[in-house]
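The values are calculated or read from the model by the stated rules, or taken from the named source; none is laboratory data. Keep in mind that what you see is a predicted model, and the values were worked out from it rather than measured. Positions of Cβ are generated from backbone atoms using ideal geometry, with glycine treated the same way; all protein chains shown enter the neighbour counts.
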Amino acid sequence: MNKIQKWWQKKFSGNFCIELPDEYCYITEKNFCMPTSRIMCEAIEAYSKQSKEKIVFENREKPIVFILNDICRYTATLQMGYGRGNSGYHIACKRIRENEE
(Lines give C-alpha, C1' and ligand atoms only; values in the text may rest on other atoms or scores of the structure.)
Protein backbone atom coordinates (compact mmCIF):
# COMPACT_ATOMS: atom_id res chain seq x y z
CA MET A 1 0.00 0.00 0.00
CA ASN A 2 1.49 3.37 -0.94
CA LYS A 3 1.45 6.54 1.19
CA ILE A 4 -1.61 8.03 -0.51
CA GLN A 5 -3.64 4.87 0.03
CA LYS A 6 -2.58 4.74 3.71
CA TRP A 7 -3.47 8.41 4.19
CA TRP A 8 -6.85 8.00 2.48
CA GLN A 9 -7.70 4.89 4.47
CA LYS A 10 -6.67 6.41 7.80
CA LYS A 11 -8.32 9.79 7.30
CA PHE A 12 -11.63 8.66 5.88
CA SER A 13 -12.37 5.19 7.19
CA GLY A 14 -10.99 5.57 10.70
CA ASN A 15 -9.20 2.23 10.42
CA PHE A 16 -5.65 1.41 9.40
CA CYS A 17 -3.10 -1.40 9.60
CA ILE A 18 0.44 -1.46 10.94
CA GLU A 19 2.94 -3.96 9.64
CA LEU A 20 4.93 -6.13 12.02
CA PRO A 21 8.58 -7.16 11.66
CA ASP A 22 8.96 -10.28 9.51
CA GLU A 23 9.73 -12.62 12.43
CA TYR A 24 6.31 -11.79 13.91
CA CYS A 25 4.42 -11.47 10.66
CA TYR A 26 5.07 -14.47 8.45
CA ILE A 27 4.50 -18.01 9.71
CA THR A 28 7.00 -19.27 7.14
CA GLU A 29 9.86 -17.32 8.74
CA LYS A 30 12.48 -19.51 10.43
CA ASN A 31 12.30 -17.68 13.79
CA PHE A 32 8.55 -17.01 13.77
CA CYS A 33 6.82 -16.44 17.10
CA MET A 34 3.41 -14.95 17.88
CA PRO A 35 3.64 -11.26 18.76
CA THR A 36 2.86 -10.34 22.35
CA SER A 37 1.22 -7.15 23.58
CA ARG A 38 4.69 -5.69 24.17
CA ILE A 39 5.75 -6.38 20.56
CA MET A 40 2.51 -4.88 19.26
CA CYS A 41 2.99 -1.72 21.35
CA GLU A 42 6.57 -1.39 20.09
CA ALA A 43 5.35 -1.64 16.49
CA ILE A 44 2.66 1.00 17.15
CA GLU A 45 5.26 3.30 18.74
CA ALA A 46 7.59 2.80 15.76
CA TYR A 47 4.72 3.63 13.40
CA SER A 48 3.89 6.83 15.30
CA LYS A 49 7.54 7.85 15.36
CA GLN A 50 7.93 7.21 11.63
CA SER A 51 4.76 9.11 10.75
CA LYS A 52 5.54 11.88 13.30
CA GLU A 53 2.26 11.43 15.13
CA LYS A 54 1.81 11.71 18.88
CA ILE A 55 0.63 8.58 20.65
CA VAL A 56 -0.57 7.95 24.21
CA PHE A 57 -1.44 4.45 25.37
CA GLU A 58 -4.47 3.98 27.60
CA ASN A 59 -3.99 0.23 27.84
CA ARG A 60 -0.84 -1.68 26.85
CA GLU A 61 -2.38 -5.11 27.39
CA LYS A 62 -4.97 -6.72 25.16
CA PRO A 63 -7.16 -5.02 24.13
CA ILE A 64 -4.59 -2.34 23.34
CA VAL A 65 -6.12 1.14 23.36
CA PHE A 66 -4.29 4.31 22.33
CA ILE A 67 -4.97 7.94 21.45
CA LEU A 68 -3.44 9.30 18.26
CA ASN A 69 -2.61 13.03 18.06
CA ASP A 70 -4.78 13.78 21.14
CA ILE A 71 -7.83 13.43 18.89
CA CYS A 72 -8.95 9.87 18.17
CA ARG A 73 -9.01 6.71 20.28
CA TYR A 74 -8.10 3.43 18.62
CA THR A 75 -8.12 -0.20 19.61
CA ALA A 76 -5.41 -2.46 18.20
CA THR A 77 -5.83 -6.17 17.53
CA LEU A 78 -3.72 -8.81 15.88
CA GLN A 79 -5.17 -10.06 12.60
CA MET A 80 -4.12 -12.50 9.94
CA GLY A 81 -4.16 -10.95 6.51
CA TYR A 82 -4.70 -12.97 3.38
CA GLY A 83 -3.78 -11.77 -0.03
CA ARG A 84 -1.62 -12.20 -3.05
CA GLY A 85 1.92 -12.35 -1.71
CA ASN A 86 0.91 -10.61 1.51
CA SER A 87 -0.46 -13.20 3.88
CA GLY A 88 0.72 -12.72 7.43
CA TYR A 89 -0.11 -11.11 10.73
CA HIS A 90 -0.55 -7.35 11.06
CA ILE A 91 -1.97 -4.94 13.64
CA ALA A 92 -5.46 -3.74 12.78
CA CYS A 93 -6.24 -0.37 14.36
CA LYS A 94 -9.90 0.52 14.56
CA ARG A 95 -11.16 3.94 15.53
CA ILE A 96 -13.37 3.96 18.62
CA ARG A 97 -16.35 6.19 18.02
CA GLU A 98 -17.78 7.95 21.06
CA ASN A 99 -21.16 6.22 20.78
CA GLU A 100 -19.53 2.74 20.60
CA GLU A 101 -18.32 2.80 24.19
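Looking only at the stretch 6-15, decide whether some residue is assigned to a strand (DSSP E or B), at pLDDT below 90 and touching a strand residue (DSSP E or B) at 6+ places or on another chain (Cβ under 8 Å).
yes
Does SER87 satisfy the criteria of being at pLDDT 90 or above and of a type in the set (Ser, Thr, Tyr)?
no
Out of GLU42, GLU29, GLU61, report the one residue that is part of a loop (DSSP other than H, G, I, E, B) and at pLDDT 90 or above.
GLU61
Yes or no: the stretch 17-26 includes at least one residue that is at pLDDT below 90, among the charged types (D, E, K, R), under 23 Å from LYS3 (Cβ atoms) and assigned to a strand (DSSP E or B).
Scanning the stretch 17-26, I find at least one residue that is at pLDDT below 90, among the charged types (D, E, K, R), under 23 Å from LYS3 (Cβ atoms) and assigned to a strand (DSSP E or B), so the answer is yes.
Given GLU23, GLU29, which one is in contact with a helix residue (DSSP H, G or I) (Cβ under 7 Å, 6 or more places away or on another chain) and loosely packed, with under 14 Cβ neighbours inside 10 Å?
So the residue among GLU23, GLU29 that is in contact with a helix residue (DSSP H, G or I) (Cβ under 7 Å, 6 or more places away or on another chain) and loosely packed, with under 14 Cβ neighbours inside 10 Å is GLU29.
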